[in-house]
Amino acid sequence: MNQAVSSHFMKEALSLAHMAFEQDEVPIGALIVDANGVIIGRGFNHVETSKSQLAHAELIAIAQASATRNDWRLEGCTIYVTIEPCSMCFSAIQLSRMAAVVYGAHSPRFGYQLDKIAMGGVYKKDIKTYSGLFADEAQGLVKQFFKKQRKLGECKITGLEKDQTGIDDAASGTRRTA
C-alpha cells in the first residue's frame, strides 16, 4: 500500500469525522477509493440526526460509491475509516467485495476487532486490513467528543454515560477481554 496515498485519504476521512463532530455525531469518517485512486464515496456518521443505526459513516460511503459506480460490487476498492468498523459495517464491506480496509484507531467496545478474527472471505476472497494510520488523531477526536458529551450531560450512547472506563478505553484504543 502506498503510504503517501493512504495518508492523503486518511486525512480526508479525518476531515469527514470532524464534520460529524460539528454535528454532535460520533466523529467517524469514511471514504472509498477505487483502484485508480479516485474517491467514489464519502460518509460520516448521521446516526443521531437520522435516528437510524443504518447511518454509519461506512454505510453512507458504500451507498455513495455504489451509486457512483452504478453497481453494488466495489471490487478493487479500499475503504478508509477513522475508527475500526463495527460488525455491521464490516459485513457490508465484505458483501460489497472491497479489496481492503484501512482504519485509524481500534474500537475495543464496538469495533469488529479485525486484527483478532480469521478473515474468512466472502466470495472466497480475503479483505486486506491495515490499522493505525493517524490513530492518535482519530482517538483524540473521539475522546474529545465524549468528554464534551459528558460535560453537557448528553451522552446518548446506551451504557456509556455511566461507563467512564469504556469511553476512555474506546478513545485510547485499549482492548479489554471479558
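The values are calculated or read from the model by the stated rules, or taken from the named source; none is laboratory data. Everything numeric in this text was worked out from a predicted model, so none of it was measured. FYI the Cβ positions are ideal-geometry reconstructions off the backbone, even for glycines, and counts take in every protein chain you see. Heavy atoms of the whole protein, side chains included, go into the accessibility calculation; ligands, DNA and RNA do not. Shrake-Rupley method; radii C 1.70, N 1.55, O 1.52, S 1.80 Å.
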Could you pull out the trypsin sites (Lys or Arg not before Pro) across the range 1-100 that fall in loop regions by DSSP (anything but H, G, I, E, B) with no more than 15 other Cβ atoms inside 10 Å? Lys51, Arg73
Set Lys128/Lys151; Lys51/Lys128; Lys11/Lys147, cut-off 28 Å on Cα-Cα distance; pairs above it are Lys128/Lys151; Lys51/Lys128
Give me the accessible area per residue for the range 7-56, probe 1.4 Å, as a whole number in Å². 47
Can I get the semi-axes of the range 18-74's equivalent ellipsoid? Compute them from the C-alpha gyration tensor as square roots of 5 times the eigenvalues, in angstrom, largest first. 22, 12, 6
Find the accessible area per residue for the range 60-103; the probe is 1.4 Å, ligands and nucleic acids are left out, and the unit is Å². 34
